[in-house]
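Take a look at the structure below.
Any read-out appearing in this document is the output of simple, stated calculations on the displayed coordinates, not a laboratory observation. Quick caveat, the model's predicted, so the values are computed rather than measured. Virtual Cβ from ideal backbone geometry, glycine too; neighbours counted across all protein chains shown.
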Amino acid sequence: MRLSKNVLATLPVAALLLTACGGTSQAMPLQVDKPVVVKSADVELLEVKQSNPVEKSVRPERTKLKPPCGDRVVKWIWAAGFRGQEIRVAWAIAQRESNGNPNESTWPDLGLMQLNAPSWQGSKYWPANIYDPVQNLKAVKKMVRDMGWQPWGLRVKNGKVSYDFSSYGMWSSWQHQNWIVIPFERYYAQFPKKCAKNL
């Protein structure tokens, strides 16, 4: 029996019901929705849609499951919603600003990320509890969304870190280098290896 090209093209996605010489041969899927019968010379083609097609097993992204490691500052950063390389940037800033201490209080800079009270208190960025590390970091996440990492003297684009001293215009180049660049780069390099490999 010879089949037309149109019929042959649909064979891989169809179940066949052959009726020839009084005999039948059936191959039907387990679950069928609205069969469509297409007739050809001496072949009936029963085309079906499976109601639950088998999809490829997709492994959920690691970043959606849990923090990349057990470091407590990384866990706070994760809980605040940072992902990928931004976790490393936030960790290095937290170490530079407060040595990872959420209770750091060197007025006018407060909390884990040392938010500046005169600049941000009373604004939409100020958390209800400045000393709660996750709230502190959530405030930072809003700031990063709106203005990048510029309040901490950084610019991050496509995973690359550079510096933006526009908020530190009254500082000398020595201060820029010794109070922003050198400590940030030291802590960025010290980011826990176990965390780094899981980002």
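Among 139-145, 114-120, what's the highest-first ranking by average C-beta atoms within 10 angstrom per residue?
139-145, 114-120
Give me log10 I(q)/I(0) at q = 0.23 Å⁻¹ for the stretch 142-191, Debye formula, one equal scatterer per alpha-carbon, no solvent.
For the stretch 142-191, the Cα-only Debye profile gives -0.90.
Let me see the pair-distance distribution of the stretch 63-197: every alpha carbon pair, 10 Å bin width, integer percents in order.
Per 10 Å bin, starting at zero, the Cα-Cα P(r) for the stretch 63-197 comes out as 12, 45, 36, 6, 0 percent.
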